[in-house]
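Visitor: My structure is below; once you've seen it, I'll send some questions.
The values are calculated or read from the model by the stated rules, or taken from the named source; none is laboratory data. What you see is a predicted model; the values in this text were computed from it and never measured. Heads up, the Cβs are rebuilt from the backbone with ideal geometry, glycines too, and the neighbour counts pull from every protein chain shown.
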Amino acid sequence: MPPVTLAIIVANVAVFLAQGAVPGLVIPFALWPVGADAASGGQVGFHFWQLLTYGFLHGGLTHLLFNMLGVYMFGGALEQVVGPRRYLTYYLVAVLAAGLTQLLVTAATGPLFPTVGASGGVFGLLLAYAIYFPRNKVFFLLLPVPIPARVFVFIYAAVELFLGVTGTQEGVAHFAHLGGLVGGALMLAFWRRGRLIRS
């Protein structure tokens, strides 16, 4: 496994174990909506570091396992293509974009619940994987046969958009997932523009 992919997985697992050992760890490092401190009487609130730290916290073992499986499946291959430094930058930009998207959504809809999880980063990795390896086959949980990565990413994004708009699956930050995907797309476009300028 490439070093940065391994480091991301180890960091997430270590933080998850720390969550169990330190009960109040989630409160200062989860992503709280802007204005949560006023609504809660100052007990919780938004801080800028949460835009990255929330991506290393998880709501349960299943949540952690699915996200780390995504990092392993899609991140390892991407790191080997773009290199460790670019890969880490890309992943963190996707996490950051997902967090910003979630802040915008919560500002519009009003819930004061915190957000945790690496899913935004995983969605960014999924997009890059589909672009660099479009014909590689992946399994979609709802379909019994493997499908090309580029089709998989389109279906998954459409499902997330539907669930987010309809609110069918409460408690899941669907728009944050899409924000991670958009952040990844912007990063890839930035790299492409840089290559065109150099050439």
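Visitor: For the range 35-119, give me every one of the helices (runs of 4 or more DSSP H) that falls completely inside it and has 3 or more residues that are at pLDDT below 90 and of a type outside the set (Gly, Ala, Ser).
Guide: 61-70, 84-109
Visitor: Can you list residue pairs whose Cβ atoms sit under 6 Å apart, with the first residue in the range 170-181 being outside any helix (DSSP H, G or I) and the second being crowded, with 23+ Cβ neighbours inside 10 Å and at pLDDT 75 or above? Count only pairs 6 or more apart in sequence or on different chains.
Guide: Ala173/Gln102; Ala173/Thr115
Visitor: Hey, another quick one. (1) of a type in the set (Gly, Ala, Ser); (2) under 29 Å from Asn136 (Cβ atoms); (3) surrounded by fewer than 15 Cβ atoms within 10 Å (Cβ to Cβ): which one isn't true of Gly55, the others all being true?
Guide: (3)
Visitor: Mind checking which residues of the range 116-136 are surrounded by 24 or more Cβ atoms within 10 Å (Cβ to Cβ) and of a type outside the set (A, V, I, L, M)?
Guide: Selection gives Gly117, Ser119, Gly120, Gly121, Phe123, Gly124, Tyr129.
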